[in-house]
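First the structure, in the form of structure tokens, and then the observations on it.
The values are calculated or read from the model by the stated rules, or taken from the named source; none is laboratory data. Since we're looking at a predicted model, the values are computed, not measured. For neighbour counting, all protein chains shown are included, and Cβ atoms are generated from backbone atoms with ideal geometry for every residue, glycine included. Only protein heavy atoms, including side chains, enter the accessible area calculation; ligands, DNA and RNA are left aside. Shrake-Rupley method; radii C 1.70, N 1.55, O 1.52, S 1.80 Å.
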Amino acid sequence: MKITFHSWLKTTIGDNSVEVNLPQDIKTISGLASFLATKYEDAAAVFELPEALRYVVDRRYVTPKHELTGVDAIEIYPPITGG
């Protein structure tokens, strides 16, 4: 599965996209976020709050409860701050 990170998240991860092989027990976006929290320690705090992130699957925003069946690519947008 290809995961693309946006904004400051790609800087924190160290790459704008990665290919991951998810364990079979990960079935939802929320599970994916938990998996990424263990894989990317510098971004763990934000991944541990999956509702703080925005996820795009097939050019559609989805919730952390979204099922990953048949998903080949996901985009993750972190919360943005600014004035």
**Study point:** Area accessible to solvent at H66, 1.4 Å probe radius, in Å²
**Key:** 50
Check your understanding: Which far-off residues, 5 or more places away or on another chain, put their amide H under 5 Å from the one on T28, with H placed in the peptide plane?
Key -> L68
Point to revise | Simple spin-label estimate for K2 and D15 in nanometres, 7 Å along Cα-Cβ | key: 1.3
Review point. Using alpha carbons only, how many degrees (0 to 90, rounded to 10) separate the axis of helix 29-39 from the longest principal axis of the chain?
Key: 60
Point to revise | Calculated SAXS-style log₁₀ I(q)/I(0) at q = 0.18 Å⁻¹ - the stretch 44-83, Debye, Cα scatterers | key: -0.53
Exercise for review: At 25 °C and 0.890 mPa s, grab the translational diffusion coefficient of the chain from Stokes-Einstein with a Kirkwood Rh over Cα pairs, rounded to a whole number in µm² per second.
Suggested key: 193
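Remind me, relative contact order of the chain in percent, using alpha carbon pairs under 8 angstrom and six or more residues apart? Write out the running numbers ahead of the final one.
Working: 129 pairs, mean separation 30.3, N = 83.
36 percent.
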Practice item. Output the antiparallel fraction of DSSP beta bridges having both residues in the chain, as a percent to the nearest 5. Key: 70
Practice item. Roll a 1.4 angstrom probe over the protein heavy atoms and tell me the percent of accessible area of the chain that is carbon or sulfur. Key: 47
